[in-house]
């Protein structure tokens, strides 16, 4: 248990460093650079494949960024222990279980985003715009918004560029067809939203507590094999 606690403390410090090594809470955005000493140095992680999807995450300028990883560690530890004891198995510290758990957590975050942006799209739809058709005719077209989720694009700028291209194409099609409906899309910036949310640090806290439990289980299996 002491080894696990030491590991979690080390992981927490590493997560704090990746969060910019911030020393202030509830500060104004313009003061982030002065309180998060490693903020600019970590920006290069954006260009690293795969890692750039999750790191660097948002600066720790709110108490929730400090609380979320601790909550993830505590909840993750007791959930894993409960699962193994209740079902009399050690499935909770298997790789398959970890993959399923991460899929559920990230999937839940996706559903939350879709619900939030879906409400936004519904409220924005219905407004009208004067559309000049390629035929020379002018009509009043009703805007209908749908959602486009950016899973490939790692940054807000990349997602906005993709969305703008889609909207420009839809606008050109509406002009060519002289349509009374103008289909447009609102971007759901999955990775940027995830990085900016303290939910990511909560998930990383769960992962941090799973790793040593998995390692101890593997060592125990090797020990039993040698004894046999």
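The values are calculated or read from the model by the stated rules, or taken from the named source; none is laboratory data. Since the model is a prediction, treat every value here as computed from it, not as a measurement. When we count neighbours, we look across all protein chains shown, and the Cβ atoms used for this are built from the backbone with ideal geometry, even at glycine.
Confirm whether residue 8 is modelled with pLDDT under 80, in the same structural domain as residue 212 (by TED's automatic domain parsing) and buried (at least 17 other Cβ atoms within 10 Å of the Cβ).
On the way: modelled with pLDDT under 80: no; in the same structural domain as residue 212 (by TED's automatic domain parsing): yes; buried (at least 17 other Cβ atoms within 10 Å of the Cβ): yes.
Answer is no for this residue.
If the Cβ limit is 7 Å and pairs must be 6+ apart or interchain, which residue in the stretch 81-108 that is in the same structural domain as residue 217 (by TED's automatic domain parsing) pairs with which residue that is not in a helix (DSSP H, G or I)?
Listed by first residue and then by second, the contacts come to 84/90.
I need the full set of residues from the stretch 136-145 which are touching a residue at least 40 places away in the same chain (Cβ under 8 Å) and either surrounded by 11 or more Cβ atoms within 10 Å (Cβ to Cβ) or touching a strand residue (DSSP E or B) at 6+ places or on another chain (Cβ under 7 Å) (or both), in order please. So that I can check it myself, show each step before the final result.
From the stretch 136-145, those touching a residue at least 40 places away in the same chain (Cβ under 8 Å) are 137, 139-145; that's our starting set.
Of everything in the stretch 136-145, those that are touching a residue at least 40 places away in the same chain (Cβ under 8 Å) and either surrounded by 11 or more Cβ atoms within 10 Å (Cβ to Cβ) or touching a strand residue (DSSP E or B) at 6+ places or on another chain (Cβ under 7 Å) (or both) turn out to be 139, 140, 141, 142, 143, 144, 145.
Return the pair list, or none, for Cβ contacts closer than 7 Å from residues in the stretch 199-228 that are surrounded by fewer than 21 Cβ atoms within 10 Å (Cβ to Cβ) to residues that are outside any helix (DSSP H, G or I), at least 6 apart or on different chains.
Going by the 7 Å Cβ cut-off, the qualifying pairs are 217/90.
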